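Notes follow once the structure below has been shown.
The values are calculated or read from the model by the stated rules, or taken from the named source; none is laboratory data. Please read all numbers here as calculations on a predicted model, not as lab measurements. Every residue, glycine as well, gets a Cβ built from its backbone with ideal geometry; the counts of neighbours run over all protein chains shown.
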Amino acid sequence: MTESQILNLADAVERSINRNHFILHQVDRLKKQIATGSGFDYHSAIVDLFMDISIREDFWLDLVSPRLFSIMLHFGPFRKIEIDINELSSLTLIFRSIIDFRSKFTATHSTGVAECAVSLSKIFGLNDSEVDQMEVAGNFHDLGKLAIPNAILDKPGPLTKEEFAIVRQHPYFTYSVLNTIGGLDEIASWAGFHHEKLDGTGYPFHISSGAISTGGKIMGHVPN
């Protein structure tokens, strides 16, 4: 319950910020808005904590900083948390469901890609650790599709040139997101290169055979 209350207050603050006005000129208004809801809209103890931290200018400047993602990545509370491949694999099942359930055309797509990639990996002689990583890459490979509008993903007919250009972004987003997480470099390349081709005509990086690892080649040859 406490966690949901924290998120409720954080959501209210973020939505109330006017991005067109200097943030430090909005502090009094935002604090008053939150204080008014104390005990009604927001838990009073959480409001008290918010008031304590809101006296810091850096708190507000971080909230609107274009470097916020980098700040959270390098200085956030979970930057030193480590999980093993089994925990990571379990986590990917959640993302796999979110990705695939967005469209009726992809209800079991990532599951099929992951299973096929695992089978091919074993045939190619990858070790157990690499096979496990390949399953993770398969589950994650379409992560970037979360940035693609549903109107395009659910379109029953052929895509226009402009629509397909939007779709071609998704492996880039997959790679970019996974590559920001320490220890996932290889998984990021396997998942992000799934539309690359050996002759360099794939997308979005247009890399050719010599720059694609065995895992990347396997992922690229799985129907996706």
For this session: Pull up region 105-125, narrow it to residues that are part of a helix (DSSP H, G or I) and of a type in the set (A, V, I, L, M, F, W, C), then point me to the one that is surrounded by the fewest Cβ atoms within 10 Å (Cβ to Cβ).
Result: I123
Problem set entry | Candidate set: region 131-149, residues that are touching a residue at least 40 places away in the same chain (Cβ under 8 Å) and more than 17 Å from the chain's Cα centre (by Cα); chosen: the one nearest to F95 (Cα to Cα) | E135
Seminar exercise, completed: When (1) in a helix (DSSP H, G or I); (2) closer than 20 Å to L178 by Cβ; (3) among the charged types (D, E, K, R) are applied to R102, the one that fails is (1)
Exercise. Among the residues of region 44-60, is there at least one that is surrounded by 12 or more Cβ atoms within 10 Å (Cβ to Cβ) and touching a His at 6+ places or on another chain (Cβ under 7 Å)?
Worked result: no
Exercise. What number of residues within region 175-224 satisfy the criterion of being surrounded by fewer than 16 Cβ atoms within 10 Å (Cβ to Cβ), of a type outside the set (S, T, Y) and not in a loop (DSSP other than H, G, I, E, B)?
Worked result: 5
Exercise. Given the residues L88, L30, which is the only one that is surrounded by 13 or more Cβ atoms within 10 Å (Cβ to Cβ), within 30 Å of G138 (Cβ to Cβ) and of a type in the set (A, V, I, L, M, F, W, C)?
Worked result: L88
For this session: Any chance you could count how many residues in region 157-174 are in contact (Cβ under 8 Å) with a residue 24 or more places away in the chain and part of a helix (DSSP H, G or I)?
Result: 5
Exercise. Has region 140-148 got at least one residue that is assigned by TED's automatic domain parsing to the domain that holds T214, over 19 Å from I187 (Cα atoms) and touching an Asp or Glu at 6+ places or on another chain (Cβ under 8 Å)?
Worked result: no
